Amino acid sequence: MSDSNPEHRPVRPVIWARLLLILPFIAMLWVSSYNSATPEWGGIPFFYWYQLVWVIISAVIIAFVYQLER
Amino acid sequence: MNVTALVVFTLLFLFVTWLGFFAARWRRGDLDLLHEWGLGGRRFGTFITWFLIGGDLYTAYTFIAVPALMFGAGALGFFAVPYTVMIYPLLYIVFPRLWSVAHKRGYVTSADFVRGRFHNRWLALAVAFTGILATMPYIALQLVGIQVVIGAMGVETSGFIGDLPLIIAFVILAAFTYTSGLRAPAMIAVVKDVLIYVTVIAVVIAVPIHVGGYGKMFAAIPAAKLLLATPPANSYGSFSAYGTLALGSAMALFLYPHSITGILSSSSARVVRRNAAILPAYSLMLGLLALVGFMSIAVGVQAMPEFADGFKRYSNNFSVPALFMALFPDWFVGVAFAAIAIGALVPAAIMSIATANTYTRNIYREFINPACTDADESKMAKVVSLVIKAGALVFIFALPLQYALWLQLLGGVWIIQTVPSVILGLYTRRLNGWALLIGWLVGFVLGTWMVAANNFAPVWPLQIGGTSFPCYVALIALVVNILISVVLSVVFNAIAPGKEQDLTLEEDYS
């Protein structure tokens, strides 16, 4: 299919940036690093807010890689 | 009976029914073509794809079951959060490649891709079969969400009269899926998500006010539920169980036919990439929703006499509906329950479309009627989507709920066995189709046996040296599968090099 649509331009992978995408895996699989009640944040134990913060961090990393590769 | 809630619930349900039929006219396409009916013409942009995949992955069953697990088992239930943290890097890296090759070659299912890549129709059949088998119990479980909220509003849910609301809901679902295809759930997903977000925000604000802040809420949770148990000496205990459950579930998720349908229906690989960055918004919501299980503990719904009957009938799955009824005015209970019920319709529709696509493309057209026209193909898929939904309905009425739960657990173990063919296949052609098929078979049988031998618990007490490493069964079976696929590929390729054709080209993948 011939394509002039810019949405279909091939993406050029930026390898060093893609390596950042390993970070969420390391953080989440290293369970002993976050199975703790302290430090609390607004009454929420560390175990819970830390993992929720990683939802945001990983989204930011993906957005960053996307911007670089655009 | 809670009349106010029931009226609000019914009105919202009628609205999405109308929307489902109206969707046939939206971005009009020739619904006699499978990629129009079953993929919405591959035309969904970033925004609609976000709603569609969000509605697809975060199902009504999730909204009931994840908090119920937190309610019953505590911190372990929170594995849903690291699980959804890990799926999006995978989505970003791997699946735009699948989108590209599917777009260039006209593939509608993952088995289509495997067929083209390895030129092996039996391997494609294995992938198709696995996808259908793993999705069926998933559709059945969506019904549980509807059943629980209808029961919670005081409508009788036993006997034929009790089954009637579910039957009506499914007839409506079947009808608009038949006429509108994937356009219907895509449109309804928008309504569903607005309702879900409103409900979650209301809960997250109302509950801490009710119990006096998050600190008080967590203080009400028994210590054993608040954190994972510290592993004993020489064991990774609950830590490796938690981590492998999250990782294995993440690897399995995008291989389900309904996930693939969501991905392939988007209008470009860039839309898929963009969504990998914005879909985590749903994970935040899921995390907050998981905490609703703890809120139910803190509010003490289980001890309230008015909910005793509900807990007896639906066990922990009743914790979320009970919390809503304990806290909210009746009209808002109707909104929240409608969110859950509509949240069941969206994934159930996509799942039935995805399995129908798979059956039609990879079993019917490949093995039964190769001469069928495009219109026959589309017609067949529509009929199969009806059969699949009827099957799910019979499943829920005729068999104990426990079977659906077991099969859904097995579904995850099964679908992950397609990782070598689909995900590794996107990167390398060096694997041999027959080797992959044997690896798949061994992984499938081994995983099934381990789950059964383990009394249907998902975590296997793996021993490595003198150390215990409790691990999600799906991952163990996958490792064995990959080893066999790789070793046999080397052997087969040495015996008969380059005999199988690859129908895809390198440039198809970017």
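Side notes on the structure shown:
- Residue exposure sequence - B:Lys382, B:Lys192, B:Lys225, B:Lys389 - by fewest surrounding Cβ within 10 Å: B:Lys225, B:Lys382, B:Lys389, B:Lys192
- Peptides ranked, highest mean first, by Cβ atoms within 10 Å: ranges B:320-332, B:80-92, B:98-110: B:80-92, B:98-110, B:320-332
- R0 of 22 Å, Cβ-Cβ distance B:Phe160-B:Val194: FRET efficiency to nearest 0.05: 0.05
- Test item: Cα-centred dipole of chain A, Lys/Arg +1 and Asp/Glu -1 on Cβ, debye: 180
- Dipole-positive endmost among A:Pro10, A:Tyr66, A:Leu20 within chain A (Cβ charges, Cα centre): A:Pro10
- A simple charge model with +1 on the Cβ of Lys and Arg, -1 on the Cβ of Asp and Glu and nothing else charged puts the dipole of the protein assembly as shown at about 840 debye relative to its Cα centre.
- Cα-based helix-to-principal-axis angle, B:46-57 vs chain B, degrees rounded to 10: 80
- Kirkwood estimate for the stretch B:379-510, i.e. one over the average of 1/r between Cα atoms, Å: 17.3
- Sum of side-chain charges, B:Thr428 neighbourhood, beta-carbon under 13 Å (Lys, Arg +1; Asp, Glu -1): +2
- Look at the dipole of the stretch B:305-372 built from charges on Cβ: of B:Ala371, B:Leu323, B:Asn357, the Cα furthest out on the positive end belongs to B:Ala371.
- Modelled label positions at B:Ile464 and B:Asp374, each set 7 Å beyond Cα in the direction of Cβ, lie 5.1 nm from each other.
- Degrees between helix B:159-180 axis and first principal axis of chain B (Cα, 0 to 90, nearest 10): 50
- Secondary-structure-derived ellipticity at 222 nm for chain B, considering helices only, amounts to -23500 deg cm²/dmol, per-run term -39500 (n - 2.57) for DSSP H runs with n ≥ 4.
- Straightening the chain between B:Ala308 and B:Val171 buys 46.2 nm, computed as 0.36 nm per residue apart minus the Cα-Cα spacing.
- Built amide H within the under 5 Å cut-off of B:Leu462, gap 5+: B:Phe469, B:Cys471
- Taking 0.36 nm per residue of separation and subtracting the Cα-Cα distance, full extension of the segment from B:Val480 to B:Thr4 would add 165.9 nm.
- Among the chymotrypsin sites (Phe, Trp or Tyr not before Pro) found in the stretch B:353-440, not one is both in a DSSP coil and sparsely packed, with 11 or fewer other Cβ atoms within 10 Å of its Cβ.
- The protein assembly as shown: Cα Rg divided by the 2.2 N^0.38 Å rule of thumb: 0.94
- Per residue, the Cα convex hull of chain B amounts to 137 Å³.
- The dipole here belongs to chain B: it is taken about the Cα centre, uses +1 on the Cβ of Lys and Arg and -1 on the Cβ of Asp and Glu, and is about 740 debye.
- Dipole of the protein assembly as shown, positive end: most advanced residue of B:Ile340, B:Trp122, B:Leu173 [Cβ charges, Cα centre]: B:Trp122
- C-alpha center-to-center spacing [the stretch A:48-65, the stretch B:45-104] in angstrom: 14
- Cα centroid separation, the stretch B:427-474 to the stretch B:172-239 (Å): 30
- Per-residue 3J(HN,Hα) values for the stretch B:265-278, derived from phi via the Karplus relation 6.51 cos²θ - 1.76 cosθ + 1.60 with θ = phi - 60°, read 7, 6, 7, 6, 4, 5, 4, 5, 4, 4, 5, 4, 8, 9 Hz in sequence order (x marks Gly and Pro).
- B:Ile495, B:Ile396 arranged by Cβ crowding within 10 Å, fewest neighbours leading: B:Ile495, B:Ile396
- Which of B:Leu34, B:Leu195 has the fewest Cβ neighbours within 10 Å, and the rest in rising order: B:Leu195, B:Leu34
- In order along the stretch B:443-452, phi translates into HN-Hα couplings of x, 4, 5, 4, x, 5, 4, 4, 5, 5 Hz, rounded to whole numbers, per the Karplus curve 6.51 cos²θ - 1.76 cosθ + 1.60 with θ = phi - 60° and x for Gly and Pro.
No value in this document is a laboratory result; all are computed from the given coordinates. What you are looking at is a predicted structure, and each value in this text was computed from that prediction instead of being measured. Reconstructed Cβ throughout: ideal geometry from the backbone, glycine too, with neighbour counts over all protein chains shown.
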